[in-house]
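Novice: Quick one: this structure, given as structure tokens, is what I'll be asking you about.
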Amino acid sequence: MSSVATPPVRGTCPALVELLDRYAAPDRLRELVGAAVEGVPPGLWEQALLGPARRMLARPGKQVRARLVEAGWALGGGDPAAMPPDLPFVVELLHTGSLIIDDIEDGSRTRRGGPALHVEVGTPVALNTGNWLYFLPFAILEALELPQPLVRDLCGRVTRALLRCHHGQALDLTCRVHELGREDLVAVVRSTTELKTGSLAELAVALGAAAAGGSPGRIEAAGALGAGLGVGLQMLDDLSSVTRPDRLDKGLEDARQARPTWPWAWLVLSRPRPAHVRLRRLQRAVADGRMDARVVVAALRHEIGEIGRRRATHHLDATLQSAQDRIGDHPALATLSAEAHRLTESF
């Protein structure tokens, strides 16, 4: 349910595929679902579930959320050498599952340099695989060598994040930008982003801090930092879909589906009312099939220009400054600041 795309690829993540293979081993599979797995040829599990999941996990990605978990662990006072090796990938699995489901719901045809999974293996198998990737992280958390009360806390955090993400996805699937008033439009964009991308990034940093045994205040500050970074990344993602030629397909998809995105919110917040009225009229024509979506994308690009970049950069800078005010100087904050600036340039 986090819709941030994957700009500049860093390469595949063998650790994610290796983790999947470990949980697909016969003994581990039996631990997960019981004796009912016995007698089923391994090739059938590969065809029905493990192969499709491996296809997605093996594709190139940034692993930003894994690094957020690692930063949270450091912020919580954890020794990097003592961090459970599977912990950083809990949120990556959730994110991958959400991408599979999002692509089905949005009718997207591509993902991470290849066909969307539902295009490749069919909607029923893709849907089941995406849902499975929502549940596998709970099994991973339960298998960590951590105190059981802490494991229950971590599982509860995952549950609450998934609940928030689904609330955000509900808004994203049903709200249409040309049907919203000016104030409602800004509120919907902000809430959708905080509930979807923000919640998953918040979970990543807070999960790491909590697993490391951080204090309640430190965990709260870490979560707030993650939420702010997630919102900032979604701002950059939305902006790049109307300003970058190589992301035009995403911008056109948003326009065809009349999604409330940050360029629309910035249009309301930063431009005269007539500009919003004019673009709203154009968007309605696109929704009715009377106009090409490229007209709306071009108009948003013209109206927003550098405004969106300045606002997104300001949001990220304010988020990092707030974290420093609450936490103080910390090496993990410097790392996250460098990562945020790198992502700003890549978008």
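The values are calculated or read from the model by the stated rules, or taken from the named source; none is laboratory data. Since we're looking at a predicted model, the values are computed, not measured. Cβ atoms come from the backbone with ideal geometry, glycine included; neighbour counts cover every protein chain shown. Surface accessibility is based on the protein's heavy atoms, side chains included, excluding ligands, DNA and RNA. Shrake-Rupley method; radii C 1.70, N 1.55, O 1.52, S 1.80 Å.
Novice: Which of the residues belonging to the range 303-347 are part of a helix (DSSP H, G or I) and more than 22 Å from ALA224 (Cβ to Cβ)?
Specialist: If the condition is that a residue be part of a helix (DSSP H, G or I) and more than 22 Å from ALA224 (Cβ to Cβ), then GLU303, ILE304, GLU306, ILE307, GLY308, ARG309, ARG310, GLU345, SER346 are the ones that fit.
Novice: Can I ask one more? Tell me, which helices (runs of 4 or more DSSP H) lie completely within the range 43-122 with 1 or more residues that are open to solvent by 10 Å² or more (accessible area, probe 1.4 Å) and free of Cβ contacts under 8 Å to residues at least 40 places away in the same chain?
Specialist: So the answer is 51-57, 89-106, 117-121.
Novice: Sticking with this one: Cβ-Cβ under 9 Å, sequence separation 6+ or interchain: first residue in the range 128-149 and more than 12 Å from TYR23 (Cα to Cα), partner of a type in the set (Asp, Glu). Which pairs?
Specialist: From the range 128-149, the pairs are GLY130/ASP102; GLY130/ASP103; LEU141/ASP86; LEU144/ASP86; GLN148/GLU142.
Novice: Then there's this: So which of LEU99, LEU75 is touching a His at 6+ places or on another chain (Cβ under 9 Å) and either at pLDDT 95 or above or within 30 Å of ALA212 (Cβ to Cβ) (or both)?
Specialist: The conditions single out LEU75.
Novice: Only residues that are open to solvent by less than 50 Å² (accessible area, probe 1.4 Å) and in a helix (DSSP H, G or I): list them for the range 17-42, please.
Specialist: Result: VAL17, LEU19, LEU20, TYR23, ALA24, LEU29, VAL37.
Novice: To continue, here is another question. Looking only at the range 207-246, how many residues end up being more than 17 Å from the chain's Cα centre (by Cα) and closer than 17 Å to THR344 by Cβ?
Specialist: 4
Novice: Run GLU183 past the list (1) farther than 20 Å from SER270 by Cβ; (2) part of a helix (DSSP H, G or I) and report the number of the one that doesn't hold.
Specialist: Only one criterion in (1) farther than 20 Å from SER270 by Cβ; (2) part of a helix (DSSP H, G or I) is unmet by GLU183, namely (1).
Novice: Sort out which residues of the range 282-310 are open to solvent by 90 Å² or more (accessible area, probe 1.4 Å) and under 13 Å from TRP264 (Cα atoms), and write them in order of number.
Specialist: Answer for the range 282-310, where residues must be open to solvent by 90 Å² or more (accessible area, probe 1.4 Å) and under 13 Å from TRP264 (Cα atoms): ARG301, HIS302.
For every residue, the table says whether it meets (1) among the β-branched types (Val, Ile, Thr); (2) closer than 24 Å to LYS62 by Cβ; (3) surrounded by 15 or more Cβ atoms within 10 Å (Cβ to Cβ).
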site	(1), (2), (3)
GLU145	no, no, no
GLN148	no, no, no
GLY198	no, yes, yes
ASP237	no, yes, yes
ARG244	no, yes, no
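Novice: Next question, about the same structure. Is it true that some residue in the range 267-284 is under 30 Å from ILE104 (Cα atoms), of a type in the set (A, V, I, L, M, F, W, C) and part of a loop (DSSP other than H, G, I, E, B)?
Specialist: First, the residues of the range 267-284 that are under 30 Å from ILE104 (Cα atoms): 267, 279-284.
Remaining after also requiring of a type in the set (A, V, I, L, M, F, W, C): 267, 279, 282.
Retained after the next criterion (residues that are part of a loop (DSSP other than H, G, I, E, B)): none.
No - not one qualifying residue is present in the range 267-284.
Novice: Being in contact (Cβ under 8 Å) with a residue 60 or more places away in the chain, open to solvent by less than 50 Å² (accessible area, probe 1.4 Å) and within 21 Å of VAL286 (Cα to Cα) is the filter here; which residues of the range 164-185 pass it?
Specialist: ASP172, CYS175, VAL177, HIS178, LEU180, LEU185
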